[in-house]
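**Student:** Below is a structure I'd like to ask you about.
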Amino acid sequence: MDPAEKLVSRYRELACSAPEGIWFAPGRVNLIGEHTDYNDGFVLPFALERRAVVAAGHRHDDLIVMHAADLSETVELPLSDLSPGREGWAAYLAGVLWVLREEGYPIAPATLVLTSNVPLGAGLSSSAAIECAVMAAACDLFGLDIAPMERARLAQRAENVYVGAPTGILDQAASILCHAGHGLFLDCRTFETTDVPLPLRGQGFEILVLDTRTPHSHVEGEYGERRATCERAAAILGVRALRDVTDLDTALARLPDELMRRRVRHVVSENDRTCAALKLARKGRLADLPPLLNESHASMRDDYEITVPTVDLAVETALAHGALGARMTGGGFGGCIIAWCFSGQAEHIGSAIREAFEKVGFQEPSWFTAVPADGAGRLS
Ligand code: ADP
Ligand code: MG
């Protein structure tokens with residue numbers, strides 16, 4: 001059955017009526033700009049065609065009824081009992097309604113039925129996709145006039161406070177603000193955004209997204225450690241955040257140890273690469289972007305030390321089989337890589353990585369070709 005049809009039939013079973021609408025929000029990949037967001041820096045994600053879809057409508061009782069169609073699970077709670085403390089998938093949905101109510105918006109009893117084809121826990125932000133789809137549904141259903149970036153910030157707060165995941169604004173901003181055929185350059189200090197034209201097909205390119213299926217062990221500790229090192233370095237350098245470092249060599253000379261120097265070099269050079277990518281894309285020079293991806297990967301591998309053997313092998317194999325540029329995308333320690341290739345090459349490169357993984361006993365990867373897609377909206 002078509003996913004939207006399945007969603008509507010589940011909705012009818014639960015609510016005994018048709019939904020009032022269907023809304024969606026996509027997952028994303030980060031083209032470049034990794035671990036720069038919490039340094040007040042720059043990121044450049046684009047939205048995927050993979051998306052979460054939510055059918056929603058008002059209820060006549062006092063309940064919030066949430067159903068995850070992919071898990072065949074239903075969670076019901078009285079609207080008055082929306083406070084944090086919930087675990088599992090329902091926290092992402094309830095969290096968005098909770099944060100809206102905290103902000104004083106009029107939230108009413110509703111049925112929300114969810115499905116998504118964004119792979120879970122692969123670093124493509126399935127969590128932001130479901131939050132932002134619920135945000136789109138809630139804003140229309142309850143008549144809330146909330147600007148796109150504010151929606152992203154509220155959805156981020158739901159994930160930070162209600163779910164308890166200390167993530168930056170990248171995922172929700174991408175899921176809400178991206179436009180088809182474009183990347184989204186985001187200044188994580190000012191929240192200013194710029195649409196970046198990415199006419200991949202028009203210039204003969206495609207982007208492979210490959211999930212290395214590597215479990216993220218110790219991620220939170222490592223993430224916290226990187227963050228703390230950046231904050232210490234900024235304090236030593238007397239700047240508000242590493243984004244404010246203008247002269248890298250002078251800054252490096254003032255830092256006390258080699259490890260900190262390498263962490264800072266990654267953040268500062270990654271910000272520079274992300275700004276360079278913006279400039280090149282604005283001039284239509286897409287062919288000049290792939291080398292920046294390679295430099296970004298080397299910097300994450302050697303200076304920031306957030307890659308793992310599966311990810312490095314996937315990147316090396318992609319490059320050996322014709323990719324023009326490749327890098328890990330997302331927070332690191334596993335997850336996905338992206339490989340920038342000529343049109344028609346992604347499948348061949350994905351297969352080459354599968355073979356390379358098989359040879360060394362890594363789990364079989366999965367992959368698809370990414371097309372920059374639209375951010376959240378209404379389907380019907
Ligand atoms: P990522 O955002 O990288 O995919 P997260 O750990 O942040 O990984 O979010 C994954 C979580 O989001 C899942 O554990 C689940 O709770 C929730 N989730 C994502 N997609 C769905 C879905 N289709 N149905 C139910 N819950 C989902
Ligand atoms: Mg997530």
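None of the figures in this text is laboratory data; all of them are computed from the coordinates on show. Predicted model only: the values in this text are computed from it and were never measured. Here the Cβ positions follow ideal geometry from the backbone for every residue, glycine too, while neighbour counts run over all protein chains shown.
**Student:** What does the net charge come to around Ala52 if you take all other residues with beta carbon closer than 13 Å to its beta carbon, with K and R at +1 and D and E at -1?
**Tutor:** Computed value for this residue: -1.
**Student:** Now a separate question. How many angstrom lie between the C-alpha centres of region 256-302 and region 309-373?
**Tutor:** Between the Cα centre of region 256-302 and that of region 309-373, the gap is 19 Å.
**Student:** Enter the Cα centre distance for the pair region 178-192 and region 66-83, rounded to the nearest angstrom.
**Tutor:** 32
**Student:** Here's something else I'd like to know. When a/c is below 1.5 the answer is rounded, else prolate if a/b is larger than b/c, else oblate, so apply that to region 281-380 with a ≥ b ≥ c taken from the square roots of the Cα gyration tensor eigenvalues.
**Tutor:** Rounded.
**Student:** Sort 303-310, 253-260 for me by packing, meaning the mean count of neighbouring Cβ atoms within 10 Å per residue, highest on top. Don't skip to the end; give the middle numbers.
**Tutor:** Working: 303-310: 19.1, 253-260: 11.9.
Most protected by this proxy first, the peptides run 303-310, 253-260.
**Student:** Quick one: which of 49-55, 207-213 comes out on top by average Cβ neighbours within 10 Å, and what's the full order, highest first?
**Tutor:** Those peptides, ordered most packed to least, come out 49-55, 207-213.
**Student:** Tabulate in residue order the Karplus-calculated ³J(HN,Hα) for region 173-184, using 6.51 cos²θ - 1.76 cosθ + 1.60 with θ = phi - 60°, rounded to whole Hz; enter x for Gly and Pro.
**Tutor:** Coupling constants for region 173-184: 4, 5, 5, 9, 9, 5, 10, 4, x, 9, x, 10 Hz.
**Student:** Please list, in chain and number order, the residues 5+ apart from Ala180 or on another chain whose amide H is under 5 Å from its amide H, with Hs placed from the backbone.
**Tutor:** Asp374, Gly375
**Student:** Oh, and also: Can you tell which of Ala15, Pro166, Thr194 lies farthest toward the positive end of the dipole of the chain, using +1 and -1 charges on the Cβ of basic and acidic side chains (Lys, Arg; Asp, Glu)?
**Tutor:** Projecting each Cα onto the dipole axis, the largest value belongs to Thr194.
**Student:** While we're looking at this one, here's another question. Helix 3-15: angle to the longest alpha-carbon principal axis of the chain, degrees 0 to 90, nearest 10?
**Tutor:** Relative to the chain, helix 3-15 is tipped by roughly 40 degrees.
**Student:** Still on this structure: What's the FRET efficiency of Glu258 with Cys16 using the Cβ-Cβ distance as r and R₀ = 51 Å, to the nearest 0.05?
**Tutor:** Details: r = 65 Å, r/R0 = 1.28.
For R0 = 51 Å, the calculated efficiency reads 0.20.
**Student:** Further, regarding this structure: Dipole magnitude of region 11-101 about its Cα centre, charges +1 at Lys/Arg Cβ and -1 at Asp/Glu Cβ only, in debye to the nearest 20?
**Tutor:** My answer is approximately 220 debye.
**Student:** Counting Lys +1, Arg +1, Asp -1, Glu -1, what net charge surrounds Phe357 among other residues with beta carbon under 10 Å of its beta carbon? If you can, show how the numbers build up before the last one.
**Tutor:** Working: positive: Arg213, Arg354, Lys359; negative: Glu355, Glu358, Glu364.
It works out to a net charge of 0.
**Student:** Something else: Nearest 10 degrees is fine. How inclined is helix 290-302 to the longest principal axis of the chain, computing both from alpha carbons?
**Tutor:** Long axis of 290-302 versus the principal axis of the chain: about 90 degrees.
**Student:** Once a ≥ b ≥ c are taken as the square roots of the eigenvalues of the Cα gyration tensor of region 218-354, is the result rounded (a/c under 1.5), prolate (a/b larger than b/c) or oblate (a/b not larger than b/c)?
**Tutor:** The shape class here is oblate.
**Student:** Treating the angle as unsigned and between 0 and 90°, give the value, to the nearest 10°, between the Cα long axis of helix 309-320 and the longest Cα principal axis of the chain.
**Tutor:** Approximately 70 degrees, to the nearest ten.
**Student:** Residue-wise, which Karplus ³J(HN,Hα) couplings in Hz belong to region 328-344, taking 6.51 cos²θ - 1.76 cosθ + 1.60, θ = phi - 60°, and x for glycine or proline?
**Tutor:** Per-residue couplings from phi come out as 5, 10, x, x, x, 6, x, x, 9, 10, 10, 10, 8, 9, 5, 3, x Hz.
**Student:** Follow-up question, since we're still on this one. Taking amide H positions as placed in the peptide plane 1.01 Å from N, state which residues far from Tyr105 in sequence (5 or more) or on other chains have amide H under 5 Å from it.
**Tutor:** Result for Tyr105 returns nothing.
**Student:** Could I ask something else about it? If you add up the charges near Arg213, with Lys and Arg at +1 and Asp and Glu at -1, over every other residue whose beta carbon is less than 13 angstrom from its beta carbon, what do you get?
**Tutor:** -2
**Student:** Output ³J(HN,Hα) for region 223-230: one whole-Hz value per residue in order, computed from phi by the Karplus curve 6.51 cos²θ - 1.76 cosθ + 1.60 with θ = phi - 60°, and x for Gly and Pro.
**Tutor:** 4, x, 5, 4, 4, 5, 4, 4
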